[in-house]
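One structure is given here, and the rest of the page talks about it.
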Amino acid sequence: MEQATLMFGIGATKAGTSWLYRYLSMHPECRMPAVKELHYFNSDTPEKVDMHALRIEGKADQLIAAAQDQDAKKQVKMLMSAEEHREAARVLRAPRDGHAAYRELILKSAEDEGAILGGDITPAYALLSEDALREMSQMAPKTRFIYIMRDPVDRMWSNVRMNAMRRLEEGQSLNEFANLILERLIKSGHHPSLMQRSDYAGILEKMDKALPAEDCKVVFFERLFQEKTVRSICTFLGINYQSADFKKKVHAGRATAMRGDLKIAARALLDDQYKAVEARFGELPTRWQRDMAKVSA
C-alpha cells in the first residue's frame with residue numbers, strides 16, 4: 001500500500017480550521033488524531049513540550065471523568081479518545097530524532113486503518129520558520145499544506161474575543177473587556193503573537209520560499225463553506241468529495257460588537273494585509289471588499 005499523504009493545516013487562527021478538522025475527521029479516507037492542535041513542531045523547548053503535553057493530558061482526564069455518566073457505547077468512545085490524547089502527549093515527550101513517534105501517530109495510524117491521508121491541523125504552525133516548514137514538507141513522500149485566510153479585521157476580532165474569554169473574570173462584561181484589549185493593542189501597535197497571526201503577506205511569502213507551490217493550497221474563509229471549495233480541497237488532498245455540513249459551526253465565539261472607532265483603526269492597522277492579498281489573488285471576497293471600502297470612503 002502506498003504511504004498515506006501527510007496533510008498540515010497551518011492556519012490561520014480563527015479561520016475555520018476546526019470546521020476543516022471536523023470534516024476530515026468524519027471522512028472515510030482520512031485519519032485525523034483525536035487532538036486537533038498537536039503543537040508538535042512548535043514545541044521546541046522543554047517548557048513548551050510540558051505545557052502542551054499537560055494540556056492534552058488534562059483533556060484526557062476530563063474525558064475519563066465525563067465518561068462515567070454516559071451510556072456504555074459513548075463511554076467506550078470517550079475512553080478511547082482519552083487514550084488517544086495520552087498517546088499524543090507521549091509523542092510530544094518522545095525523542096525528536098527522525099520524528100519516529102510523530103510519524104507513527106499520524107501516518108502509520110492512518111495506514112493501519114486503511115486511510116490514504118493523515119493530518120495535523122495546528123494553526124500555530126504558520127508562525128514557524130522557513131526551515132521548519134521545509135523540514136515538515138520532507139517528512140513523507142507526499143505532503144500537503146492548507147492555509148485559510150479570513151478577513152483580517154474579523155480574524156483579529158475573533159482572536160481578541162477568544163483571548164478575552166479566557167481571561168474574563170466573574171461579573172466582567174465580555175464586550176467591554178474585548179474592546180479594551182483591542183484598544184490597547186491598536187494604541188500600542190505591538191502584540192507579537194496577534195500581529196504575527198495577522199501577517200498573511202509574511203506567511204505567504206515564507207510558504208513560497210519553503211514549500212513547493214503544488215503542495216500548498218490557500219483558501220478564503222469566506223468561501224470555505226461552499227461545495228465548490230470543499231471539492232477543490234478534496235481534489236488537492238487526493239480524496240473523494242464527501243458531503244459537508246455547511247451550517248455546523250465549530251468553536252464559534254460568543255457574539256460581541258466591536259466599537260466603530262476601533263474597527264476603523266483596526267482596518268487601518270491591517271491595511272497592508274488587505275493590499276498584499278488583493279495584489280496576489282485579485283478579486284477578494286465580498287466581506288473583504290466591504291471592509292476596504294469603509295476605510296477608503
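The values are calculated or read from the model by the stated rules, or taken from the named source; none is laboratory data. A quick note: this is a predicted structure, and the numbers were derived from the prediction, not measured. For neighbour counting, all protein chains shown are included, and Cβ atoms are generated from backbone atoms with ideal geometry for every residue, glycine included.
For the reader, a short list of remarks on this structure follows.
- Residue in the range 185-198 that is modelled with pLDDT of 90 or more and either under 18 Å from the mean Cα position of the chain (by Cα) or charged (D, E, K, R) (or both) present: no
- Test: Thr122 is among the polar types (S, T, N, Q) and surrounded by 22 or more Cβ atoms within 10 Å (Cβ to Cβ): yes
- Glu214 meets the conditions (1) farther than 29 Å from Ile116 by Cβ; (2) surrounded by fewer than 16 Cβ atoms within 10 Å (Cβ to Cβ); (3) of a type outside the set (Phe, Trp, Tyr) in every case but one. The failed one is (1).
- Filtered residue count, the range 91-109, keeping only those that are basic (Lys, Arg), in a helix (DSSP H, G or I) and under 14 Å from Met136 (Cα atoms): 1
- Taken as a whole, the condition of being surrounded by 13 or more Cβ atoms within 10 Å (Cβ to Cβ), over 22 Å from Glu130 (Cα atoms) and either in contact with a strand residue (DSSP E or B) (Cβ under 7 Å, 6 or more places away or on another chain) or modelled with pLDDT of 95 or more (or both) applies to Val230.
- Residues that are touching a residue at least 40 places away in the same chain (Cβ under 8 Å) and acidic (Asp, Glu) were ranked within the range 179-237; the one that is nearest to Ala265 (Cα to Cα) is Glu183.
- Matching option when the condition is crowded, with 22+ Cβ neighbours inside 10 Å, of a type in the set (Lys, Arg) and either touching a residue at least 24 places away in the same chain (Cβ under 8 Å) or out of contact with any helix residue (DSSP H, G or I) (no Cβ under 6 Å at 6 or more places or on another chain) (or both), among Lys14, Lys36: Lys14
- Condition met for Asp97 (loosely packed, with under 15 Cβ neighbours inside 10 Å, among the charged types (D, E, K, R) and under 25 Å from the mean Cα position of the chain (by Cα)): no
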